[in-house]
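Novice: Handing you this structure, nothing more for now.
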Number of protein chains: 2
Amino acid sequence: MFEEKHNIDTYNSMNQKQEILSMNNRFADRMKTTRKSFIREILKVTQQPEVISFAGGLPNPGFFPVEEIARASTKVLVEDGRNALQYSTTEGYLPLREFIAERYLRKSGLKIEPDEILITNGSQQGIDLIGKVFLNKADRVVIERPGYLGAIQAFSIFEPNFQSVPLLDDGIDTDLLEKTLSEDNAKLFYTVPNFQNPSGITYSGQKRKDLANILEKHNVVCVEDNAYVELRFSGEDLPSIRNYLDNTILLGSFSKIISPGLRIGWICAGKEIMEKLIVAKQAADLHSNYLSQRIVHQYLMDNDIDEHILKIRAAYRKRRDLMIDMMTEYFPKEVKYTKPEGGMFLWVTLPEKVSSLDLFELAVKENVAFVPGNAFYIDDGSRNNTLRLNFSNSDEEQIEEGIKRLARCLERLLF
Amino acid sequence: MFEEKHNIDTYNSMNQKQEILSMNNRFADRMKTTRKSFIREILKVTQQPEVISFAGGLPNPGFFPVEEIARASTKVLVEDGRNALQYSTTEGYLPLREFIAERYLRKSGLKIEPDEILITNGSQQGIDLIGKVFLNKADRVVIERPGYLGAIQAFSIFEPNFQSVPLLDDGIDTDLLEKTLSEDNAKLFYTVPNFQNPSGITYSGQKRKDLANILEKHNVVCVEDNAYVELRFSGEDLPSIRNYLDNTILLGSFSKIISPGLRIGWICAGKEIMEKLIVAKQAADLHSNYLSQRIVHQYLMDNDIDEHILKIRAAYRKRRDLMIDMMTEYFPKEVKYTKPEGGMFLWVTLPEKVSSLDLFELAVKENVAFVPGNAFYIDDGSRNNTLRLNFSNSDEEQIEEGIKRLARCLERLLF
């Protein structure tokens, strides 16, 4: 049939062939399962200045140490510019890795060698590299429900078989996790145990131990993403899952405590895994931005990062408190929400059968935005009664006005 | 059998099981085919200060615009620090993409929209993203022989079926390319048509046209890596393959003309491909270092990059000329080498049956280093009579002394 057509009308059939090839056959299978970020599309809608947005996941730029970074940058360039602008090692700047290792020891009692740390382009790249190193097509990855969208996207590239296990108030549902792992083994379990994105939930101390035991029993590697761990503003610091389970890969980041634009994060893993990660990192981009590594290190040498973190915590705590106070006062009492002990997000649950997509439609008309919860589920086709609110990136006036607007939308939707 | 052992000696068999899992079963198949960089291992040997190294692929740091970068950095941070340190778009800073698009038009007559440009972490990341977007396991990728090692490594992650086609003095052997593509179709052809790494070879104008025709006929996407294109110091600028073939993805980089440590490169591709690349880039690391994008753009606004490039060209030309003069004077006449019109490398061919690995052993004892040619072949097990010399990163004294030392080693090996 094609041959016939080809003989009759070469030009058209050539064009047709080109088009078929260019549309589908050309790209790798993995790109079919990878969806465009729903949040990214939402953010486009909400970028008008009149919109109060609780949708993004941005730290508050008011607390970026701009002057200190400028001083650090000048110092590095003046004192060692030719080295700072040259190619560097794949592993990353050794003094920066030493700083991170020393901080693990001081903050969490973890004995980490600098050689067990690899500097990445934010912790997002850490997830990509872990996916590369571990995942064959159809390998099982267990994630939290709801789960961090960036991790879902990064792992998706490697076409895994995702399983999600619900979060309870104190962390993962360990009974269901045990059941899921008993049915069929998994390679990786991915978790954000502190002030999770999107739910704001923090794992209890007991839950961390129980989780470690289950993963050890089933020989599953734990990927512990601690992007927000430094942003605790109530309650007590809790041990890392790594304290209980050697087979844990830690992800860390300076994005939430210094600056996300610098894209400096890290992976911390045992030597055998690290060797593979370094090969993957080298193939991916040779090494992370070296000037920025030097600037971050210089900043850390010349400033008290803990003091700076206290300022961020105080500011975010104030915003969380205000948002919760406003929700308590204005939201219908049928609407429930988490009260996170840190981080940048809280999680709202509407009455069953009320869709946050319907609320989103109303809200956009009122110039207030959030992320509907279905973005954080792997089976996102379903309508969903949850939503994520970011409180770090708004000022107090915006939080007051934004929550009032949302409350009006809720009244209309519920009654 | 395993069950029995498990009952008798649980501790040992558990350990054994853990070890088996940790050593092999755990990692993705793709990591088996990905080798550690041979060059990386060589560079470790050659980092002692007494070694004259022609092994690395470093631009000369003496020509990094350190003061100008420091001024640009200060300006960006003082004038717009809070934005420059925040998260940014996946595509990259629009004014920087506009600059690149405008330069394509001015230098190559190519009409490129800024939306067809994606900022990456050096052009290396561009190769990784192209691999992600196009390659299923066992898809065919055709590369040059010898070929750029970084591309071999980056594509290897996606487990393609590599085919290599020899380079002649004026570019790829088009007869063999035609034969290779007729036997079995390929998805990608990867080329460095200007001052190729490692051979220093530049495609002639005719060769570019012939290549484009062959790739069009077989519907193969051309990946044209122009990392060195600005470093021409003799002969005339030639059209891009993209001028002849729409289905060309261009890779570019500021690494060789401003600074590699900043890791700012780009991919230029048509909109349909670009849409997939952006999804892959977002999953990989959200976006490239934003402060560095802003610094590079500020530098480009406040300085004459073309004037700066002229300085680099003059310096590299001098080094190339000196290296060739020294080789002409001191090398045995049986030894042949390319005379590149630009870039950073030249390629030496020893008499047949003389192994550059044997030469390397002698050379290291004389404290002079290079990269044996087998690193640049996909079938690198074989002994090989070629080697790569870098001339950009040595000063004149080092080139004189280093070539004399190499000549002594050659004398010993050949006679």
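Every read-out reported here was derived from the displayed coordinates using simple, explicitly stated rules and does not represent laboratory data. Note that the structure is a prediction, hence the values are computed from the model and not measured. Using ideal geometry, Cβ is built from the backbone for each residue, glycine included, and neighbour counts are taken over all protein chains shown.
Novice: If we count other beta carbons within 10 Å of each Cβ, what is the order of B:Val192, A:Val165, fewest first?
Specialist: Details: B:Val192 28, A:Val165 22.
The order, fewest Cβ neighbours first, is A:Val165, B:Val192.
Novice: Right, next: Between copies, how far does the label point of B:Glu183 sit from its twins, in nm, shortest first, when each point is 7 Å from Cα along Cα→Cβ?
Specialist: 4.7
Novice: Related question: Taking R0 as 41 Å, what FRET efficiency do you get between B:Lys339 and B:Asp115 from their Cβ-Cβ distance, rounded to the nearest 0.05?
Specialist: On the way: r = 40 Å, r/R0 = 0.98.
Computed FRET efficiency for B:Lys339 and B:Asp115 comes out at 0.55.
Novice: Further, regarding this structure: Using only DSSP helix segments of four residues or longer, with each worth -39500 (n - 2.57), what per-residue ellipticity at 222 nm results for chain B after dividing by its residue count and rounding to 500? Let's see the in-between values first.
Specialist: Working: 15 runs with 191 residues, N = 415.
Rounded to the nearest 500, the figure is -14500 deg cm²/dmol.
Novice: Follow-up. Grab every C-alpha pair in the protein assembly as shown, bin the distances at 10 angstrom width from 0 up to the longest one, and report whole percents.
Specialist: For the protein assembly as shown, the binned pair fractions read 2, 13, 22, 24, 20, 12, 6, 1, 0, 0 percent.
Novice: Which whole-Hz couplings ³J(HN,Hα) result when phi for each residue of the stretch A:53-69 is put into the Karplus expression 6.51 cos²θ - 1.76 cosθ + 1.60, θ = phi - 60°, listed in order with x for Gly and Pro?
Specialist: 3J(HN,Hα) across the stretch A:53-69, in whole Hz: 10, 9, 8, x, x, 8, x, 7, x, x, 10, 6, x, 4, 5, 5, 5.
Novice: Another one. Within 10 Å of each Cβ of B:73-81, how many other protein chain Cβ atoms are there on average? Please list the in-between numbers first.
Specialist: Details: counts 8, 5, 1, 2, 10, 3, 0, 1, 9.
Counting Cβ atoms of other protein chains within 10 Å of each residue's Cβ and averaging gives 4.
Novice: What does the net charge come to around A:Arg106 if you take all other residues with beta carbon closer than 12 Å to its beta carbon, with K and R at +1 and D and E at -1? Display every interim value, and only then the final one.
Specialist: Values: positive: A:Arg103, A:Lys107, A:Lys111; negative: A:Glu102, A:Asp237, A:Asp306.
Every neighbour counted, the sum reads 0.
Novice: Between the DSSP loop rule and a limit of at most 16 other Cβ atoms within 10 Å, which trypsin sites (Lys or Arg not before Pro) in the stretch B:267-335 are left? Could you put the intermediate results ahead of the total?
Specialist: Working: sites: B:Lys271, B:Lys276, B:Lys281, B:Arg294, B:Lys311, B:Arg313, B:Arg317, B:Lys318, B:Arg319, B:Arg320, B:Lys333; in loops: B:Lys333.
Within the stretch B:267-335, the qualifying trypsin sites (Lys or Arg not before Pro) (loop, at most 16 other Cβ atoms within 10 Å) are B:Lys333.
Novice: Let me ask something else about it. What is the mean number of Cβ atoms from other protein chains located within 10 Å of the Cβ atom of each residue in peptide B:258-268, rounded to a whole number?
Specialist: Values: counts 1, 8, 7, 16, 6, 12, 1, 1, 0, 0, 0.
Mean number of neighbouring Cβ atoms from other chains: 5.
Novice: Compute a Gaussian network model of chain B, connecting alpha carbons closer than 10 Å, and tell me which residue from B:Met327, B:Met301, B:Met344 fluctuates the most.
Specialist: Result: B:Met301 has the largest fluctuation of those listed.
Novice: Please enumerate, by chain and number, the lysines with C-alpha under 25 Å from the C-alpha of A:Lys209, excluding those fewer than 8 residues away in the same chain.
Specialist: Partners within reach: A:Lys107, A:Lys111, A:Lys179, A:Lys187, A:Lys217, A:Lys271, A:Lys339, B:Lys17.
Novice: Which lysines, on any chain, are close to A:Lys333 with Cα under 27 Å apart, when same-chain ones fewer than 8 places away are left out?
Specialist: A:Lys318, A:Lys353, A:Lys365, A:Lys404
Novice: All other residues with a Cβ under 11 Å from the Cβ of B:Asp115 taken together, and with Lys, Arg as +1 and Asp, Glu as -1, what is their net charge? Before the final figure, lay out the partial values.
Specialist: Values: positive: B:Arg97, B:Lys271; negative: B:Glu91, B:Glu98, B:Glu113, B:Glu116, B:Glu275.
Combined, the nearby Lys, Arg, Asp and Glu give -3.
Novice: A further question follows. Please find the FRET efficiency linking B:Phe415 to B:Leu357, where r is the Cβ-Cβ separation and R0 is fixed at 22 Å, and quote it to the nearest 0.05. If you can, show how the numbers build up before the last one.
Specialist: Numbers: r = 19 Å, r/R0 = 0.85.
The computed FRET efficiency comes out at 0.75.
Novice: Give the average, rounded to an integer, of partner chain Cβ atoms located within 10 angstrom of each Cβ in B:152-163.
Specialist: Mean partner shielding for this stretch: 2.
Novice: Could you give, in nm with one decimal, how far A:Gln48 is from each other copy of that position, shortest first, with labels 7 Å out from Cα toward Cβ?
Specialist: 7.0
Novice: GNM on chain B, C-alpha springs below 10 Å: top fluctuator among B:Glu183, B:Glu102, B:Glu361?
Specialist: Ranking B:Glu183, B:Glu102, B:Glu361 by mean-square fluctuation puts B:Glu183 first.
Novice: Something else: Looking at chain B as a GNM with Cα springs under 10 Å, which of B:Lys187, B:Lys32, B:Lys207 has the largest mean-square fluctuation?
Specialist: It is B:Lys32.
Novice: Further, regarding this structure: Looking only at the stretch B:132-205, where both bridge partners belong to it, what percent of the DSSP beta bridges are antiparallel (to the nearest 5)? Mind dumping the intermediate values first?
Specialist: On the way: 2 of 10 bridges.
For the stretch B:132-205, the DSSP antiparallel bridge percentage is about 20.
Novice: From the label point of B:Lys404, set 7 Å along Cα to the beta carbon, how far off in nm is each other copy's matching point, shortest first?
Specialist: With the label placed 7 Å along Cα→Cβ, B:Lys404 yields 8.4 nm.
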